[in-house]
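One structure below.
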Amino acid sequence: MADCLPGPWRLCPRFAAGKSKSDYTVNEGVKMKQGIFITFEGVDGSGKSTQAHMLAARLEAEAIPNLITREPGGTALAEKIRQLLLFTEEVKLAPGTEVLLYAASRAQHVSEVIRPALNRGEVVISERFTDSSLAYQGFASGNDPELVRQVNSFATGGLVPDLTFFLDLSAEEGWRRVLERSGAEDRMEAKGLSFQEKVRQGYLR
């Protein structure tokens, strides 16, 4: 994991194939012909939401049009799928069902929110994207990562983030932060620390 920034977690930027930092320099107040898609990834409790909102605030201060969103969710339909995936205890989801529901939520999110914003020339910031499915539904859940990748490629129409920030926090520290949160844990969090460690290892592959 090259070029990671030190801190309580490692902040590891991953640029799209063939791209570098210089490709994404944006001048103050300039409207881009094509937007930039930035995602934040990491285990639960790694600070994705905090960092995403800090970036959005910085862009706002520089008068750069931006949109911040999250997954699963981001649209009316995707939010309903989010509730089913994370907070409906009476439904036991088969592994394949979980993969397909996340992909369905993402397909709607890309079509309804992400691509239109990119076409408007905005910087789109998403808390989670396809890397989350590879780490959670692929590596950590024992599903074939390549199959998960193919399903998500179809769901997104091949959309790939221009820049992904992977917040590499230890599973133990992330889990400690999850336990400190108020409110009920979601379905993914309820799988416990050992699952979070598998997720982290999935991200690092």
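Evaluating kT/(6 pi eta Rh) at 20 °C and 1.002 mPa s, with the Kirkwood radius of region 38-204 over Cα pairs in the Stokes-Einstein relation, gives 132 µm² s⁻¹.
Straight-line reach from Lys80: which aspartates and glutamates have Cα under 13 Å away, leaving out those fewer than 8 places along the same chain? Filter leaves Glu71.
Under the Kirkwood approximation for Rh and a Cα-based Rg, what ratio Rg/Rh is obtained for region 119-205? Don't skip to the end; give the middle numbers.
Numbers: Rg = 14.5 Å, Rh = 14.4 Å.
The Rg/Rh ratio comes out at 1.01.
When only the Cβ of Lys, Arg, Asp and Glu is charged (+1, +1, -1, -1), the dipole of region 38-204 relative to its Cα centre reaches about 200 debye.
In this rough spin-label picture, where each label sits 7 Å from Cα along the Cβ direction, the Glu112-Glu79 distance is 0.9 nm.
Sorted by mean Cβ packing within 10 Å, highest first, what order do the peptides 56-65, 113-122 take?
Values: 56-65: 14.3, 113-122: 17.5.
The most tightly packed comes first, giving 113-122, 56-65.
Can you tell me, using C-alpha contacts under 8 Å and at least 6 residues apart, the relative contact order of region 38-204 as a whole percent? Show your work: numbers first, answer last.
Details: 234 pairs, mean separation 62.2, N = 167.
After rounding, I find 37 percent.
So which aspartates and glutamates can Lys92 reach, going by Cα to Cα under 19 Å and dropping same-chain residues fewer than 8 places off? Straight-line reach from Lys92, under 19 Å: Glu79, Glu185, Asp186, Glu189.
For the pair Glu62 and Arg205, what calculated FRET efficiency results from E = 1/(1 + (r/R0)^6), where r is the Cβ-Cβ distance and R0 = 30 Å, to the nearest 0.05? Let's see the in-between values first.
Values: r = 35 Å, r/R0 = 1.16.
Plugging the Cβ-Cβ distance into 1/(1 + (r/R0)^6) gives 0.30.
Readers should treat all values here as calculations from the given coordinates under stated rules, not as data from a laboratory. Here the structure is a predicted model, which is why all the values come from computation and not from measurement. Reconstructed Cβ throughout: ideal geometry from the backbone, glycine too, with neighbour counts over all protein chains shown.
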